[in-house]
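The values are calculated or read from the model by the stated rules, or taken from the named source; none is laboratory data. Just so it is clear, the structure is predicted and the values come from calculations on it, not from any experiment. For neighbour counting, all protein chains shown are included, and Cβ atoms are generated from backbone atoms with ideal geometry for every residue, glycine included. Accessible surface areas use protein heavy atoms only, side chains included; no ligands, DNA or RNA. Shrake-Rupley method; radii C 1.70, N 1.55, O 1.52, S 1.80 Å.
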Amino acid sequence: MSDVAYLASGKREQTKLANRQAILDAARAVFRELGYEAATVRDIIRRTGLSVGAFYNYYRSKEEVVAALADDAAGRFRPILRAQYLKAADLESYLRGAIQAYFDFLLAEEALWGADDGRVAEPYQVKTPEILAVHDEVRSALAGVMERGLAPRIDLDYLVPACIAVVREVGDRMLEREPRDAVAAAEFCVALILGGVAAAAKVAT
């Protein structure tokens, strides 16, 4: 491949990345102002400055844009979650670190969206590859803690979705409250989950 062709290819990739980012930024603004249900693809396109054809080169529907937003957020959060596992000393420290990190991330996302009415949560209630990878990361971390003898062995098929459901619901409620207290919300989740783990371990034995 010639240097000219290589540079052209690199420029095309940069343009694609820039266009995708423009669409995601526009979608955030539109969802914030109109709400997810009321927003349309045309509303998003008008915010991007791209042509209709250019938009459809990247996404075929509002739902695909939503999935891309969810993937973008999950992809940014997953390494944060992994870092919490690597420095955890036991189950409690992992839960506290991971949950606190998630709530801090939610608050940062709210600031990114410029939203203060809970709308930020709406587009992320979808299952995408990156979100499922976050779930897998949680499962792997909990399994690792158990394998190291730092937590009782209980059914991960139940524990993982239970933990995720508790943390997600409490996180959504935290965003609705004033003041938003991520530390108190995290401590509530940690206490609830640890109590549940202890009780579930007795059932398992």
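Assuming residue 74 fulfils every condition listed in (1) surrounded by fewer than 19 Cβ atoms within 10 Å (Cβ to Cβ); (2) within 30 Å of residue 192 (Cα to Cα) apart from one, which condition is it?
All conditions pass for residue 74, except number (1).
Checking the conditions here, which among 183, 167, 160 is in contact (Cβ under 8 Å) with a residue 24 or more places away in the chain, surrounded by fewer than 16 Cβ atoms within 10 Å (Cβ to Cβ) and at negative phi?
183
What are the residues in the stretch 61-83 that are of a type outside the set (D, E, K, R) and touching a residue at least 40 places away in the same chain (Cβ under 8 Å), if any?
Passing the criteria: 65, 66, 67, 68, 69, 70, 73, 74, 75, 77, 81.
Can you tell me how many residues within the stretch 26-45 are touching a residue at least 12 places away in the same chain (Cβ under 8 Å), loosely packed, with under 14 Cβ neighbours inside 10 Å and either more than 23 Å from residue 131 (Cα to Cα) or acidic (Asp, Glu) (or both)?
1
Assuming residue 151 fulfils every condition listed in (1) touching a residue at least 24 places away in the same chain (Cβ under 8 Å); (2) in a loop (DSSP other than H, G, I, E, B); (3) under 20 Å from residue 113 (Cβ atoms) apart from one, which condition is it?
Residue 151 satisfies every listed condition except (3).
Filter the stretch 127-146 down to the residues that are open to solvent by 70 Å² or more (accessible area, probe 1.4 Å) and modelled with pLDDT of 95 or more, then identify the one that is nearest to residue 71 (Cα to Cα). First the steps, then the outcome.
Taking the stretch 127-146 first, the residues open to solvent by 70 Å² or more (accessible area, probe 1.4 Å) are 127, 129, 132, 136, 139.
Subset that is modelled with pLDDT of 95 or more: 136, 139.
Working: 136: 14, 139: 19 Å.
That would be 136.
Output the residues belonging to the stretch 77-91 that are out of contact with any Leu (no Cβ under 6 Å at 6 or more places or on another chain) and either surrounded by 14 or more Cβ atoms within 10 Å (Cβ to Cβ) or closer than 12 Å to residue 186 by Cα (or both). Don't jump to the end; show me each part of the working.
So in the stretch 77-91, the residues out of contact with any Leu (no Cβ under 6 Å at 6 or more places or on another chain) come out as 77-89.
Selection gives 77, 78, 80, 81, 82, 84, 85, 88.
Given the structure, is residue 190 under 17 Å from residue 104 (Cβ atoms) and in contact with a Lys or Arg (Cβ under 6 Å, 6 or more places away or on another chain)?
Criteria met by residue 190.
Considering only the stretch 29-62, how many residues are among the charged types (D, E, K, R) and at pLDDT 90 or above?
So the count comes out to 6.
Mind checking which residues of the stretch 176-202 are part of a helix (DSSP H, G or I) and more than 18 Å from residue 98 (Cβ to Cβ)?
Within the stretch 176-202, the subset part of a helix (DSSP H, G or I) is 176, 182-202.
Answer for the stretch 176-202, where residues must be part of a helix (DSSP H, G or I) and more than 18 Å from residue 98 (Cβ to Cβ): 176, 198, 199, 200, 201, 202.
Residue 37 passes all but one of (1) farther than 30 Å from residue 142 by Cβ; (2) part of a helix (DSSP H, G or I); which number fails?
Of the numbered conditions (1) farther than 30 Å from residue 142 by Cβ; (2) part of a helix (DSSP H, G or I), the odd one out for residue 37 is (2).
Are any residues in the stretch 46-62 surrounded by 14 or more Cβ atoms within 10 Å (Cβ to Cβ) and part of a loop (DSSP other than H, G, I, E, B), and if so, which ones?
50, 58, 59
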